[in-house]
1. At a 10 Å Cβ-Cβ cut-off, how would you order 33, 81, 15, fewest neighbours first?
2. Among 41, 61, what is the fewest-to-most ranking by other Cβ atoms within 10 Å?
3. Return the tail of the calculated pair distribution for the chain, meaning the percent of Cα-Cα pairs more than 19 Å apart.
4. For the pair residue 40/residue 59, report the inter-label distance in nm, with labels modelled 7 Å from Cα in the Cβ direction.
5. How high is the relative contact order of the chain, in percent, with contacts defined as C-alpha pairs under 8 Å that are six or more residues apart?
6. Pull out the extension gain between residue 83 and residue 21, defined as 0.36 nm times the separation in residues minus the alpha carbon to alpha carbon distance; nm, one decimal.
7. Taking the number of other C-beta atoms within 10 Å as the exposure measure, put 13, 83 in order starting with the fewest.
8. What is the spin-label model distance, in nm, from residue 94 to residue 72 if the labels are put 7 Å beyond Cα along the C-beta direction?
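Just so it is clear, none of the values below were taken in a lab; they were calculated from the coordinates. Every value quoted in this text rests on a predicted model; they were computed, and no experiment measured them. Please note: Cβ atoms are built from the backbone with ideal geometry, for glycine as well, and neighbour counts cover all protein chains shown.
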């Protein structure tokens, strides 16, 4: 989901539902930026979370062939290209925690 589609989704949520919390967390190069919005729907509390971070463009492994030698991995990140992941959660009152919604959990006329 690109930035424009995400902003349209946030706008539709703000226009349609009661927003309980909306926060943006800026991270470093590796962890990326996280944006969360919690809102109340007729089905209960929902949360959308989008994580945007730089795309990995290279990886180099540094190590030795000696017994007991250590190995380290160094990643190279793009300065222009980003990837984003969107996850949806529903609040479970029985357990008291957020449960991730996946496409397999979908119920309805098509699912």
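1. Fewest to most other Cβ atoms nearby, the residues stand as 15, 81, 33.
2. Fewest-to-most Cβ neighbours within 10 Å comes out as 61, 41.
3. Of all Cα-Cα pairs in the chain, 61 percent lie more than 19 Å apart.
4. Calculated label separation equals 4.5 nm.
5. Over the chain, the number comes to 19 percent.
6. Values: separation 62, 0.36 × 62 = 22.32 nm, distance 2.40 nm.
So the extension gain works out to 19.9 nm.
7. Values: 13 18, 83 12.
Lowest to highest Cβ neighbour count: 83, 13.
8. Those two pseudo-labels are separated by 4.8 nm.
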